[in-house]
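Trainee: My questions will all concern the structure given below.
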Amino acid sequence: MSAFSEDLKRWQDQRIRPKDDSRSSLRLGARDTVRLLWRHPAVWATAIYRASRWCHVRGVRGLPTLFQRLNMLVFGIEISCGMEIGPGLYIPHPYGTVLMAERIGANVSIIHAVTLGMRNEWEFPVIGDGVVLGAGARVLGGVRLGNGCSVGANAVVIHDVPAGATAIGVPAVVRDPAPSASTSREEVAVGGR
């Protein structure tokens, strides 16, 4: 359940973060865990997914499906227990969300009413690490979202998005990553070329 510990660290209050701002060195106590579960009911949706995944990986029959149904009934979120999701998952508003991807990386933020699923063929998206999916975003088919990319609200992604880029619109158009601090104004004015 170390993945769930990392999920909780994404939810933690700023006041209990260590002075060196390193999340990895912070250990959440039972009191902090109960506080997070009490203050943020959406954390339960993640906990239920982690329990269903744990049962699925260990071959426990019946419980994974029961947990999936519980998540759908209570939180309105559909998450397949057969899908691997990295640690640090953050879903502040799980209602209306459907997650059917090949894999979801670590530290992914899924805002609200997001759909990850197949398009015309039996292919599912692969989501990289540190990806942010805006409210109402749709990522369909066998597309790949690179590490650190963002998908804007209500965007419909049907093509790959490179690492660090942003996808917006219907169908989504990929915008280049923000210019780095070392990029001159002239380079930005002429499109970075």
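Trainee: Taking R61, is it part of a loop (DSSP other than H, G, I, E, B) and exposed (fewer than 15 other Cβ atoms within 10 Å of the Cβ)?
Mentor: Yes; evaluated as a whole, the condition is true for this residue.
Trainee: Scan segment 129-137 and tell me whether some residue there is among the β-branched types (V, I, T) and either at positive phi or at pLDDT 90 or above (or both).
Mentor: Yes, some residue in segment 129-137 is among the β-branched types (V, I, T) and either at positive phi or at pLDDT 90 or above (or both).
Trainee: Only one of G117, G88, G141 is touching a helix residue (DSSP H, G or I) at 6+ places or on another chain (Cβ under 7 Å) and either surrounded by 18 or more Cβ atoms within 10 Å (Cβ to Cβ) or modelled with pLDDT of 90 or more (or both); which?
Mentor: None of the others qualify; the one that does is G88.
Trainee: Could you tell me how many of the residues in segment 151-177 are closer than 13 Å to P125 by Cα and in a loop (DSSP other than H, G, I, E, B)?
Mentor: Of the residues in segment 151-177, 3 are closer than 13 Å to P125 by Cα and in a loop (DSSP other than H, G, I, E, B).
Trainee: Then there is this: Give segment 63-109 a look and list any residue that's within 15 Å of S52 (Cβ to Cβ) and in contact (Cβ under 8 Å) with a residue 60 or more places away in the chain, or say none.
Mentor: I85, L89
Trainee: Collect the residues in segment 1-39 that are among the aromatic types (F, W, Y) and at pLDDT below 75, keeping them in residue-number order.
Mentor: Passing the criteria: only W11.
Trainee: Still on this structure, please answer the following. Scan segment 70-85 for residues that are among the hydrophobic types (A, V, I, L, M, F, W, C) and either surrounded by fewer than 21 Cβ atoms within 10 Å (Cβ to Cβ) or part of a loop (DSSP other than H, G, I, E, B) (or both) and jot them down.
Mentor: Answer for segment 70-85, where residues must be among the hydrophobic types (A, V, I, L, M, F, W, C) and either surrounded by fewer than 21 Cβ atoms within 10 Å (Cβ to Cβ) or part of a loop (DSSP other than H, G, I, E, B) (or both): L70, M72, L73, V74, C81, M83.
Trainee: Pull out all pairs, ordered by first then second residue, where Cβ-Cβ is under 8 Å, the residues are six or more apart or on different chains, the first lies in segment 143-172 and is closer than 14 Å to G128 by Cα, and the second is polar (S, T, N, Q) and surrounded by fewer than 17 Cβ atoms within 10 Å (Cβ to Cβ).
Mentor: Within 8 Å, the pairs are A163/N147; G164/N147.
Trainee: Of the residues A135, A106, only one is out of contact with any Pro (no Cβ under 8 Å at 6 or more places or on another chain), of a type in the set (A, V, I, L, M) and part of a loop (DSSP other than H, G, I, E, B); which?
Mentor: After applying the criteria, what remains is A135.
The values are calculated or read from the model by the stated rules, or taken from the named source; none is laboratory data. Everything numeric here is computed off the predicted structure, so don't read it as measured data. All Cβ positions, glycine included, derive from the backbone under ideal geometry; neighbour counts span all protein chains shown.
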